[in-house]
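Trainee: Take this structure first; my questions come after.
The values are calculated or read from the model by the stated rules, or taken from the named source; none is laboratory data. Just so it is clear, the structure is predicted and the values come from calculations on it, not from any experiment. Glycine gets a Cβ as well: all are built from the backbone with ideal geometry, and neighbour counts include every protein chain shown. We work out accessible area using only protein heavy atoms, side chains counted, and drop any ligands, DNA or RNA first. Shrake-Rupley method; radii C 1.70, N 1.55, O 1.52, S 1.80 Å.
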Amino acid sequence: MDDALKKKLTILADAAKYDASCASSGAPKRKAEAGGLGSTTGAGICHAYTPDGRCVSLLKILLTNYCLFDCAYCVNRRSSNVRRARFSVDEVVTLTVEFYKRNYIEGLFLSSGIIRSPDHTMEQLIRVAKTLRQRHGFRGYIHLKTIPEASPWLIEQAGLYADRLSINLELPTEASLERLAPEKDGAAIQTAMGQMGERILQAKEEKRRFAPAGQSTQVIVGADASTDESLIRTSARLYDHYGLKRIYYSAFSPIPDAASILPSQSPPLQREHRLYQADWLMRYYEFSPDDVAGATESGMLALDVDPKLAWALRNRDRFPVDVNRADREMLLRVPGLGVRAVDKIVAARRHATLRLDDVARLTSGLKRARPFLVAADYAPTRLTDRLDLRARLAEPPRQLSLF
C-alpha cells in the first residue's frame, strides 16, 4: 500500500468510527464460487485477527468525509476543521479484496459524506458493491449506508448488491433534527425506511435477492434533551412500522469546535448500555414500550440497575413466581433468567418438579433471580420485600470507554 492510500485509510477509517451500525448478523450462508472471494455464515461473518492481535471483521470506512451538510453533531460536517480525504471506487475495491486475501476482514461496511449530490454519492457507493460482486466474485458481507434523499431507484440498486442497508435516523425527534441538522428531513428519512422495508418484504415473498440481512438504523444518544423513554418509544415504532432488524444507540461524543447548542460532555456510556438492554427486552423478552417506560425514573433508565431488574423492583407484587407453574412470559421477567434459561426451565419441568439446585444448573444468574422465584424446596421469605434489595443487587460502578 502506497503512502497516499495509507493516509486516506487512516483518515477515513477514523472518520467512520462514530457510526455504530455495522454488525454483520442476518446475512444468509453463502460461499464464493470458483475464482471468487469471501463467504458468510448464517450467524454473521467470522472474526479475524491481525498480526498485532486486534480483532477485526469488517473493513469499516467512509468513501469520503467531505460533506455538503453541516449537521452540528457530526465531526465531518461541512464547517468542521478536520483532515479530509476521498477514496476512488477502485481504491475501496482494492482495499477490500487485498485485506480479505490477507485474512484481515470478511466484509465491508461503507458509508460516506454527501458529495456533489445525494444521487451522485449513492451511485459511488453502489459502484463499489457492484464491482466487488460482479468483477471479483466477492461473496463476503457488504453493508451500505444509504442516503434517504437519493433516488428510490438507486436504493433499489443498492439492495441488489448489499447484504444490509441502513439509513440513520440520527435523532429521535423531528424538533431535534430541525435544530441540529436543518438540512436533513425527518419525514424523508422515515419515508425511505418505509420504502426500503416494503422492498425487503416483497423480495422475500418473491424469493429474490434484496438486502437479505434487512435494514438497520442508528440514533445518537445525549446530543439533545430526549429522554430514554422517548428513545425507546421511537425505537418500538420503528421496529413495528419498518421491520428494522436492529437499532443502534450511539453515545454522543463532543467534537472539535462544537456548536454551543451541543452538550459539552458525553452522556454516561452506561446510559447507552441500558438502552441496548431495554431494546433487548422489547425484542426478545416480550416487554412492551409501556413496560420499559414503567422501569424509568422521570423518563430515564437507572444506571445502577438494569431495566429488567428496575421493572421487577417496581412490580414486586408480581413476585415471587413459581418456576414450576408460571407461564413463560412471566418467567422472562424474572431478573437473572435469560431466554435460553427460561426455555430450559419450561422444558425440564415437564419431566420433574424443579428444586433450587435444578434451577442453578440451568442459569448462571441465580443470585439475581433468588428474590423473585419459588422452587419446590425454596421460597424467598421476606426477601422480595426487603427495603435494601435494590442496593444488594445493584451493579458496582465501572468505567466504560467509547473507543
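Trainee: Label point 7 Å out from Arg314 along Cα-to-Cβ: which residues of the range 152-172 have amide N under 19 Å?
Mentor: none
Trainee: If I take every Cα pair under 8 Å that is 6 or more residues apart in the range 316-393, average their sequence separation and divide by the length, what percent do I get for the relative contact order?
Mentor: Reported as a whole number, the value is 37 percent.
Trainee: Obtain the nm distance between the two label points defined at Asp357 and Arg209 by a simple spin-label model: each point lies 7 Å from its Cα along the Cα-to-C-beta direction.
Mentor: Each label point is offset 7 Å from its Cα along the Cβ direction, giving 5.5 nm.
Trainee: Where does the range 64-139 land on Rg(C-alpha)/(2.2 N^0.38 Å)?
Mentor: My calculation over the Cα atoms of the range 64-139 gives 1.23.
Trainee: Now for a different question. Taking a spot 7 Å from the Cα of Ala259 along the direction of its beta carbon, which residues of the range 159-182 have an amide N less than 11 Å from it?
Mentor: Answer for this model: 176-182.
Trainee: Roughly how many debye, to the nearest 20, is the charge dipole of the chain about its Cα centre, given +1 on each Lys and Arg Cβ, -1 on each Asp and Glu Cβ, and no other charges?
Mentor: Dipole magnitude for the chain comes out near 1300 debye.
Trainee: Also, quick follow-up: So which of Lys6/Lys130; Lys344/Lys367; Lys6/Lys184; Lys207/Lys308 end up more than 28 Å apart by C-alpha?
Mentor: Lys6/Lys184; Lys207/Lys308
Trainee: Roughly speaking, to the nearest percent, how much of the chain's 1.4 Å accessible area is carbon and sulfur?
Mentor: 49
Trainee: Also, quick follow-up: After finding the eigenvalues of the alpha carbon gyration tensor for the chain, what semi-axes result from the square roots of 5 times each, listed largest first in whole Å?
Mentor: The three semi-axes for the chain are 41, 26, 20 Å.
Trainee: Would you be so kind as to identify which of Tyr141, Ala4, Ile247 lies farthest towards the positive end of the dipole of the chain, taking Lys and Arg as +1 and Asp and Glu as -1 on Cβ and the Cα centre as origin?
Mentor: Tyr141
Trainee: Test of understanding: in a Gaussian network model of the chain with alpha carbons linked when under 10 Å, which of Lys207, Lys184, Lys101 would top the mean-square fluctuation ranking?
Mentor: Its mean-square fluctuation being the largest, the pick is Lys207.
Trainee: Just to be sure I understand the model, the point goes 7 Å from the Cα along the line to the Cβ. What's the resulting Met300 to Val82 distance in nm?
Mentor: It is 2.8 nm.
Trainee: To continue, here is another question. Leaving out ligands and nucleic acids, note down the accessible area per residue over the range 130-271 with a 1.4 angstrom probe, in whole Å².
Mentor: 40
Trainee: While we're looking at this one, here's another question. Taking all pairs of different Cα atoms in the range 324-403, averaging 1/r and flipping that mean, what Kirkwood radius in angstroms comes out?
Mentor: This gives a value of 13.8 Å.
Trainee: Okay, moving on. Working out 0.36 nm times the residue gap between Tyr276 and Leu387, then minus their Cα-Cα distance, what length gain in nm do you get to one decimal?
Mentor: Extra length available between Tyr276 and Leu387 comes to 37.2 nm.
Trainee: For Arg233 and Thr191 in one chain, what is 0.36 nm times their gap in residues minus the Cα-Cα distance, to one decimal in nm?
Mentor: Additional length available on full extension: 13.3 nm.
Trainee: Can I ask one more? Hey, what's the range 316-393 come to in accessible area per residue, 1.4 Å probe, Å²?
Mentor: For the range 316-393, the solvent-accessible area averages 58 Å² per residue.
Trainee: In nanometres, what is the gap between the two model label sites at Asp70 and Glu178, each 7 Å from Cα along Cα-to-Cβ?
Mentor: Going from the Asp70 label point to the Glu178 one covers 1.9 nm.
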